[in-house]
1. List pairs: first in region 63-86 and farther than 18 Å from Gly154 by Cα and in contact (Cβ under 8 Å) with a residue 40 or more places away in the chain, second of a type in the set (S, T, N, Q) and outside any helix (DSSP H, G or I), Cβ under 7 Å, 6+ apart or cross-chain?
2. Do we find a residue being modelled with pLDDT under 80 and either of a type outside the set (Lys, Arg) or assigned to a helix (DSSP H, G or I) (or both) anywhere in region 79-93?
3. Could you say whether any residue in region 131-140 is at pLDDT 90 or above, surrounded by 14 or more Cβ atoms within 10 Å (Cβ to Cβ) and either part of a strand (DSSP E or B) or under 20 Å from the mean Cα position of the chain (by Cα) (or both)?
4. Just to be sure before I move on: is Ile179 of a type in the set (A, V, I, L, M, F, W, C), touching a Phe, Trp or Tyr at 6+ places or on another chain (Cβ under 8 Å) and either open to solvent by less than 70 Å² (accessible area, probe 1.4 Å) or modelled with pLDDT under 80 (or both) in the structure I sent?
5. Are any residues in region 1-53 among the basic types (Lys, Arg) and open to solvent by less than 80 Å² (accessible area, probe 1.4 Å), and if so, which ones?
6. In the list Val50, Val22, Val31, Val4, which residue meets the criterion of being closer than 30 Å to Lys130 by Cα, β-branched (Val, Ile, Thr), modelled with pLDDT under 80 and assigned to a helix (DSSP H, G or I)?
7. Starting from region 33-59, keep only residues that are on the phi < 0 side of the Ramachandran plot, then list their pairs with residues that are among the aliphatic types (A, V, I, L, M) and open to solvent by 70 Å² or more (accessible area, probe 1.4 Å) whose Cβ atoms are within a distance under 6 Å, requiring at least 6 positions of separation or different chains.
8. Quick one: which of Glu57, Glu114, Glu66 is of a type outside the set (Ser, Thr, Tyr) and within 21 Å of the chain's Cα centre (by Cα)?
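The values are calculated or read from the model by the stated rules, or taken from the named source; none is laboratory data. Just so it is clear, the model here is predicted, and its values are computed rather than measured. Backbone-built Cβ (ideal geometry, glycine too); neighbour counts: all protein chains shown. For the accessible areas, the whole protein counts, side chains as well, though only heavy atoms, and no ligand, DNA or RNA atoms are used. Shrake-Rupley method; radii C 1.70, N 1.55, O 1.52, S 1.80 Å.
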Amino acid sequence: MRSVFYWRILIVSIIALLLANVVLLAAYAYVGKKTYVSIEMANLEPEAEVTRQIYEEYKNGYMTEEAFQRLIEKQTLSTESAILIADALGKLLIVRNDGSTVETLDFGEYYRAEMQNVLRGQTVENSDLKLLNGETAVSVGIPIRDADGNVTGGILIIKQIKRIQSAFNQLNNVLTWTIVAITPIVILLVALS
């Protein structure tokens, strides 16, 4: 009698674990990617601000062009993002994408539309940017202002979310395989009881 009781507790526990994994997988699939993207978005605005400060130091003559290029290169490599700096008319002055596989042509109409908003003095954010190469990216744009507050240019930081999608897919696979592995055990235990 006692062993039947423990056997049933074991079966109920395994079924509860299976159901918990199903609920976890569903919740993660619903919330997970958005969470990762929002974390990435939260990092982009300070990155754009740092880029603006570096550019202003260079523009005001406090930094050589060599030092400026080296700092921007290191920033793009460390953050795996593309940096676009434009003048007040929207003409690209600097494009650095050393840490990213995004090419300037991949931005398409997005660049012109978003840079126009930045040049109007707006900070822009896009958490679901579809590039022409088929990939998805996140982006932030901020205006560059002179001492009087006039907009003199803009900065766009664009970052692919391959890494986020890869991590998301890996965790989904682990959760799915856990469910797949536990299901036959539950069926076997139920059949034996």
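1. Matching pairs, first to second residue: Glu80/Ser100.
2. Yes, because at least one residue in region 79-93 is modelled with pLDDT under 80 and either of a type outside the set (Lys, Arg) or assigned to a helix (DSSP H, G or I) (or both).
3. Yes - at least one qualifying residue is present in region 131-140.
4. It is false that Ile179 is of a type in the set (A, V, I, L, M, F, W, C), touching a Phe, Trp or Tyr at 6+ places or on another chain (Cβ under 8 Å) and either open to solvent by less than 70 Å² (accessible area, probe 1.4 Å) or modelled with pLDDT under 80 (or both).
5. Here is the first cut: in region 1-53, the ones among the basic types (Lys, Arg) are 2, 8, 33-34, 52.
Result: Lys33, Arg52.
6. After ruling out the rest, the residue left standing is Val31.
7. Pairs found: Ile54/Leu71.
8. Only one candidate passes the filter, namely Glu114.
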